[in-house]
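Everything on this sheet refers to the single structure shown next.
The values are calculated or read from the model by the stated rules, or taken from the named source; none is laboratory data. These numbers were taken from a predicted model, which means no experiment stands behind them. Methodologically, a virtual Cβ is constructed for each residue, glycine included, from the backbone with ideal geometry; neighbour enumeration extends over all protein chains shown. Note: accessible area is taken over every heavy atom of the protein model, side chains too, but ligands, DNA and RNA are not part of it. Shrake-Rupley method; radii C 1.70, N 1.55, O 1.52, S 1.80 Å.
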Amino acid sequence: MAPKYAPSLRRRLPVLAICLEIAFLLLFIFFVQYDDSYIQDEAQSKKRKTVTAIYADFQDVHVMVFLGFGFLMSFLRRYGFSSIGFNLLVAALGVQWATLVNGFLFEFSDGKIRINMMSLVTANLCAASALISMGAVLGKTNPVQLLLMTLLEVTSFIFNHWLLTRFTKMDCVSSIMHLHVFGAYFGLMVSWALYQPGLRQRHEKEKSSADMGKFSMLGTIFLWMFWPSFNSVLIEGKAEKMNAVYSTYFSLAASAVTAFAFSVLTSKKGKMNMVYIHNASLAGGVAVGAAATVIPSPWIALTIGLTAGLISILGCWFMKPISEVAFAMQDVCGVHYVHGLPGILGVLIRIVIELATASNLQVAWNEAAFYLFALYVTLALSLVLGLLTGFLLKLNIWKPHLDRKCFDDQAFWEFPHQAVTL
Amino acid sequence: MAPKYAPSLRRRLPVLAICLEIAFLLLFIFFVQYDDSYIQDEAQSKKRKTVTAIYADFQDVHVMVFLGFGFLMSFLRRYGFSSIGFNLLVAALGVQWATLVNGFLFEFSDGKIRINMMSLVTANLCAASALISMGAVLGKTNPVQLLLMTLLEVTSFIFNHWLLTRFTKMDCVSSIMHLHVFGAYFGLMVSWALYQPGLRQRHEKEKSSADMGKFSMLGTIFLWMFWPSFNSVLIEGKAEKMNAVYSTYFSLAASAVTAFAFSVLTSKKGKMNMVYIHNASLAGGVAVGAAATVIPSPWIALTIGLTAGLISILGCWFMKPISEVAFAMQDVCGVHYVHGLPGILGVLIRIVIELATASNLQVAWNEAAFYLFALYVTLALSLVLGLLTGFLLKLNIWKPHLDRKCFDDQAFWEFPHQAVTL
Amino acid sequence: MAPKYAPSLRRRLPVLAICLEIAFLLLFIFFVQYDDSYIQDEAQSKKRKTVTAIYADFQDVHVMVFLGFGFLMSFLRRYGFSSIGFNLLVAALGVQWATLVNGFLFEFSDGKIRINMMSLVTANLCAASALISMGAVLGKTNPVQLLLMTLLEVTSFIFNHWLLTRFTKMDCVSSIMHLHVFGAYFGLMVSWALYQPGLRQRHEKEKSSADMGKFSMLGTIFLWMFWPSFNSVLIEGKAEKMNAVYSTYFSLAASAVTAFAFSVLTSKKGKMNMVYIHNASLAGGVAVGAAATVIPSPWIALTIGLTAGLISILGCWFMKPISEVAFAMQDVCGVHYVHGLPGILGVLIRIVIELATASNLQVAWNEAAFYLFALYVTLALSLVLGLLTGFLLKLNIWKPHLDRKCFDDQAFWEFPHQAVTL
């Protein structure tokens, strides 16, 4: 049935991608310009420095978004080209759209959006949120569906970010760190809407291979290594920034060790599971994100890493099989256990720290309620908008996948040579 | 016939490499020293800072040169060791030679060349130019030929750079950004001179494999991610530097999306071609290089990316088969469509921008003529010197490849184990 | 016999790892806190800057430790998951322990260890020392043994570092650069103690494959590229720092070229050996480490690179087979020829440079004796403590490997799918 998809993509993907690029171009022509406050106002030397000093951190985040996520998702044995390639496509489109949406909602003054280093970093973080959603539906969506999902996810996430910063007066960094929770639950809802009963018995191709495992390890390690930059890049105060770096470093170290220990413990034969270890090692970085600036001592970072690793492994081991049956929810990359639960844990930890270190308990309880409310808004919006997106993507005009064509590069890629060892 | 090459390499490669290293060593002894202006002149704190602040950018370029190009070229199914290994050899030799030639032509005062961070960056960029040429002859040259080509290419390119900056008073950054055009046409001429009719029908080994495609994707993504550093590293003014970063970022995002769209569109079955996507994604970075500092608005960067991606795909799809037959030109990595045409496009865009933003049109037309003249000199020199180099490399004393030994690691590498799945 | 190991690991590894994490956590609770001198003392702006400015260099070192070493060691055809995975486990545990030991020995004041950027960098360097030791016993130890070895190696190395800085008044950077020598000889002694006669005839699985060779090349190139950061990250003076960067850059370029030349020369068929080239390319970075700040001219860096590459290749080619028979010493990754001999060469070069550039020869001879003494202490301690560690690891309670289970991922990892092409 391959020829059936090929013409479909041939007509739909180029048309959609080119139309989007031209629409972006038109919006950029009328509304976007470079931030030339450098040139006009030489006196603002302080702000100038802040804006350019983050270039090295930006590159770390850039590596995470374009390389880390793509290779992390490349563990499926016949879906390596697609994982890495579609990650590039989705992220490249996502950053352009995020620049526009962010600009319109946050930096729109006298009819112009002004681009600076911060815009690029924020755009990358918003694209990361879409990549998390992509992890949940990996292999079960065609690129046309992925592009639509990216547009809707980025719009929804930035809308949520705008709601939080506008109406709850949450600071920008804390608000944007909801990207893990938002991306995960949005993706899970899309996955639920796209549920295909035929995939209930585990798909033959939905498995890893020894080769792909190493590419996936590469992506995981890049994410793991640069996570301190991810959690600190938007923070302006130097002391808070370093606090976030140190905390993320120790949390990740603890979650990596925990990952190995509990992966062996949950295995019948006492062996290690590469996918569990990937997920749990990264969970430490996610969980520490929401509270990174306020963690008062390194032992708290270690505790967060330990807990996040534990939750991630137990979730994969215990909840994943149940939720697949009970909720008919397929979560290919386990984003619920890398980004979803650890992200919620992060917000709860933030609340506990705020309560524990507060001088005025009344104010602290208000703060706590406020963080809980923000989490509630994020969860609600991600679930509802994810569900709507999922039903939209189910429409037949996007030519969704048939069961047996899932998880296969050959549906989308020309192979110059049919290597035996795919 | 393998034994025939083995002794040849055994005698020639070590002798050539060691002689070159000793020659470099002698030249370094007599002429090169570290720039100790730091120590002697503490007052130059401004310049000191500029020179050391680019270390992080230098590392990005370092990754592109030593890892990005090597892995990008590793797509051939039986030539992975050679692509990655020879890239390291050529680049390591190239940076030493480039340091010397650059030093003699540009920084030779009171009998000494003074090394600083800028020397290292420039040496890396010159080595990149040789790696581009290597892409055109990949798999059809032995390492002895590659070393000779590197020496001659680096010398020629720096000579061209010296001509441009000396006699046309072009600024250093604009001049060095001709490295794409120079490297590509130099390599194409070498490839033309080394043309082997036996390779006209596409060589069985001149194909990719699913495994190597992922390594090649890794190299592509590293090049893609760090291209903003490549285009901005030499720029001194902070506003111009950031302008180059932003422009490269948006151009690359647009060319990546364009790459996917047009790759599907040009495919008979509506599938994606990994090699086209690599080429077209990177074309956006090349095309924006020449004009990166003067691009006034982000939409122009998007337009450049779109156009470059389009030209690259159409070139690969339409021109490549024709030029192989018509001009007997084999371009293994498609450097003409990644570096050649997008590089020329970049210069033309620069001219258009200069004309469009000029306050005095007379001066602007003079500028335009001057850029066209520089492009003309670069093209002429690269074609002529590339051709001469090609004929020199054809001499039998270098024991050139026989047709059926091309594109094969086994001609050069010991395999500890003959894995079945090469 | 696989089931025999599985329960062993199941009980031992999680218990050990979790106990260690909890012990670390308790020590962190009572003794470790963030360095908040930023906040309390705004006047120390100078020191603040130094401490945060190294973040980009730290990330380079981070990449070397967590990705470079892991992938470098991944050349064995059936041991890729373990090489990369255990590297992460060992390094993540090592940095936590190194933070504690370093803190107690060097920064313990008023009952608290204060963490800053320097602590993180130093912890990474100490973990690197343990990873070097791991290279010598790769494939012949289970993760429980690796964790114990890491604890003991890190403790021993930091104890040695403390001795040198405390009693010989050696500066911190020079002392810590003994990590190569210490790690290599410690690992060799452990390997000697764990010697298994059954592995004397080269193990079938102790071989590389074409695929793994490319992952190993990836690790090598990351180490090679970021070595200038490794050698300069701890140096405070700007001029000395740049001196170290330049010297490492040129030494590495020379050793890479030398590696190719001598690899061909020592091969019977005139072919290249990937493993020799890895080792010799990196040897230039090791050898330049001890003297990086005092190298007066770039030609000396080139000479160091040439010599180190030569020693590494000749060692691998000539000494390795002999030492395996004569000393019953198995050195899987060849750490003796990457870190051991080049590290000793580095100290000797430092002595020669100190003597050659001295104004007062009497003082210089004293300096020389002092460096020799430090090297002697390092060698003696690494050999003795390595041997003790080796015998400890041989105890049956750790369930050491049987011969035929060595070098095999299947002893430790669940494979979701038994791919044919392992």
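Observations on the structure shown:
- Across the protein chains, with a 1.4 Å probe defining accessible surface, the residues C:Glu324, A:Glu153 rank C:Glu324, A:Glu153 from largest area downward.
- Accessible carbon and sulfur surface of the range C:253-318 relative to its total accessible area, %, 1.4 Å: 72
- Spin-label pair A:Phe104/A:Phe327, simplified geometry with 7 Å Cα→Cβ offset, distance in nm: 3.1
- Were the residues from B:Ala358 through B:Cys172 laid out at 0.36 nm apart, the gain over their Cα-Cα distance would be 64.8 nm.
- For chain C, adding -39500 (n - 2.57) for each run of n ≥ 4 DSSP H residues and dividing by the number of residues yields -23000 deg cm²/dmol at 222 nm.
- At the residue level, C:Glu107 shows approximately 80 square angstrom of accessible surface with a 1.4 angstrom probe and all protein chains present.
- In the context of the full set of protein chains, residues of chain A present 32 Å² of accessible surface per residue (probe radius 1.4 Å, heavy atoms only).
- Distance from the Cα centroid of the range B:283-355 to that of the range A:237-279 is 44 Å (rounded to whole angstrom).
- When the pairs A:Lys214/B:Lys399; B:Lys405/C:Lys214; B:Lys140/B:Lys241; B:Lys320/C:Lys271 are compared against a 28 Å limit on Cα-Cα distance, A:Lys214/B:Lys399; B:Lys140/B:Lys241; B:Lys320/C:Lys271 fall above it.
- Value of Rg to Rh for the range B:110-151, rounded to two decimals, is 1.15; Kirkwood radius and Rg both from alpha-carbon coordinates.
- Counting only protein heavy atoms and a probe of 1.4 Å, the accessible surface of the range C:149-193 is 71% carbon and sulfur.
- Kirkwood-based shape ratio for the protein assembly as shown, expressed as Rg/Rh from alpha carbons: 0.94
- By accessible area with a 1.4 Å probe, ligands and nucleic acids excluded, highest first: order of B:Lys399, B:Lys140: B:Lys399, B:Lys140
- Area of C:Val325 that stays accessible when all protein chains are in place (1.4 Å probe, Å², to 10): 100
- Gyration tensor (alpha-carbon) shape descriptor, chain B, a/c threshold 1.5: oblate
- Note on chain A: GNM, Cα springs under 10 Å; of A:Arg350, A:Arg166, A:Arg77, the largest mean-square fluctuation is that of A:Arg166.
- At least 20 Å along the helix axis (C-alpha) and Kyte average at least 1.0, DSSP helices within chain C: C:2-31, C:80-106, C:117-136, C:143-167, C:179-193, C:274-289, C:298-314, C:341-357, C:361-393
- Shape of the range A:54-121 from the C-alpha gyration tensor: oblate (a/c of 1.5 or more and a/b not above b/c, with a ≥ b ≥ c the square roots of its eigenvalues).
- Rel. contact order, % - alpha carbon contacts under 8 angstrom, at least six apart, chain C: 22
- Buried surface between chains C and B: roughly 5600 Å² of accessible area, summed over both sides, computed with a 1.4 Å probe on protein heavy atoms only.
- R0 of 56 Å, Cβ-Cβ distance C:Ile29-A:Ala23: FRET efficiency to nearest 0.05: 0.55
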